[in-house]
Amino acid sequence: MTIQLKKFGTTLVSRPSGKEAWLAFQPSLNEISQDEEIVVDFDGVVVLTPSWADEFLTPLRKQFNDRVKLHNKDNPSVIATLAILDK
Amino acid sequence: MQNKLISIGKTAKILGVSIDTLRRWDLAGRLQPTRSGPRGHRFYLQSDIEQFLQDIDAIAKQWAQSPQAFEPKSEMYCQTRDVFQARLEQFQSKLGRISSLPTVSLITAIAGEIGNNSFDHNLGNWPDIPGIFFFFDIRSRKVVLADRGQGILTTLKRVRPELSGADEALKVAFTETISGRYPETRGNGLKFVRSIIITNPFTLYFQTGDAYLNLKEYDKDINVQQAEVSLKGCFASIGFEGLI
């Protein structure tokens, strides 16, 4: 499964909107098969902050661990956000 | 050069506001034009515009410091997070016209994180005026945010009762991952802000209570200083001249 983050918006900054995205995506996550890889695609995202990512990426990684792969993460705010979350 | 006359349309672009806003500011005596030509069109002195731009910091600080609670001008006031998100995206779009994607992405992320922090930490607990002051000036490469919230000391004291002053709290907020929203484990917003400022040609002035700090590219240490006038909540001024 590929999650296109830009479908949640291109300026992903607040906690409530991250949380809302996480909740809204639950039905799709429930359909994932046991060993399926989950690709998070950052293509098209212009702004990302740790607040948003912490409400979406953190629980996603907690639930699916190594099955979560991050693609197109070359946007500067995406790089800075991931660096902070990974600390 | 200093006293060149600038049309209302161009002035609106420079200040990042609409022509209607400038008309309102004229009526309110906030920024007054000189009338020129047979139809009395509004023109602005360049020196007045420059002066006004320098005042954004002062306006925001004064609002955050004032013992009397009052709402900022509507153009500078985001009472709710939705309004802030909309204005932030507006800022992002305007910045995108004159600067590179890395600048747009990083500056918007910093401003978004600081502004949203204010809402996160004060939701349901605003001492008087809810929401934040948010104003940007593309021309002088500056974004200013402020709130009249509880301030970092009050927020962090819940998880670090030993903190005794705004200076200690400010340092902790910029250097340690700690959340004032225990039991949540988050709390890295200002570390994120710091990581971006010190690796890019940006500057940051940040004050909470009577403690402030200045950060710029290549800074390794956090140097918290005592402010002359204390303010409620937080005040941040971000400069981004370097990366345009």
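The values are calculated or read from the model by the stated rules, or taken from the named source; none is laboratory data. This structure is a prediction, so every number in the text was calculated from the model and none was measured. Don't worry about glycine lacking a Cβ; one is built from the backbone with ideal geometry, like all the others, and counts go over all protein chains shown.
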Breaking point among (1) of a type in the set (A, V, I, L, M); (2) touching a strand residue (DSSP E or B) at 6+ places or on another chain (Cβ under 6 Å); (3) without any contact (Cβ under 8 Å) to a residue 60 or more places away in the chain, for B:Leu156: (2)
Would you mind listing the strands (runs of 3 or more DSSP E) fully within region B:1-88 where at least 1 residues are of a type in the set (A, V, I, L, M, F, W, C)? B:5-7, B:41-45
Yes or no: region B:124-141 includes at least one residue that is on the phi < 0 side of the Ramachandran plot, β-branched (Val, Ile, Thr) and part of a loop (DSSP other than H, G, I, E, B). yes
Which residue pairs have Cβ atoms under 9 Å apart, sit 6 or more places apart or on different chains, and have a first residue in region B:66-88 that is within 14 Å of chain A (Cβ to nearest Cβ) and a second that is surrounded by fewer than 15 Cβ atoms within 10 Å (Cβ to Cβ)? B:Cys78/B:Ala86; B:Arg81/B:Leu123
Of the conditions (1) more than 12 Å from every other protein chain (Cβ to nearest Cβ); (2) buried (at least 16 other Cβ atoms within 10 Å of the Cβ), B:Ser47 fails just one. Which one is it? (2)
Of residues in region B:180-203 being more than 10 Å from chain A (Cβ to nearest Cβ) and farther than 28 Å from B:Arg141 by Cα, the one modelled with the lowest pLDDT: B:Pro183
Scan of region A:58-74 for residues that are touching a strand residue (DSSP E or B) at 6+ places or on another chain (Cβ under 8 Å) and either away from chain B (no Cβ under 14 Å) or closer than 15 Å to B:Glu113 by Cβ (or both), ordered by number: A:Leu60, A:Phe64, A:Arg67, A:Val68, A:Lys69, A:Leu70, A:His71
Per the list (1) touching a strand residue (DSSP E or B) at 6+ places or on another chain (Cβ under 6 Å); (2) more than 14 Å from chain A (Cβ to nearest Cβ), residue check on B:Ala109 breaks on (2)
Assess whether B:Phe91 counts as being in contact with a strand residue (DSSP E or B) (Cβ under 7 Å, 6 or more places away or on another chain), buried (at least 20 other Cβ atoms within 10 Å of the Cβ), not in a helix (DSSP H, G or I) and not acidic (Asp, Glu). no
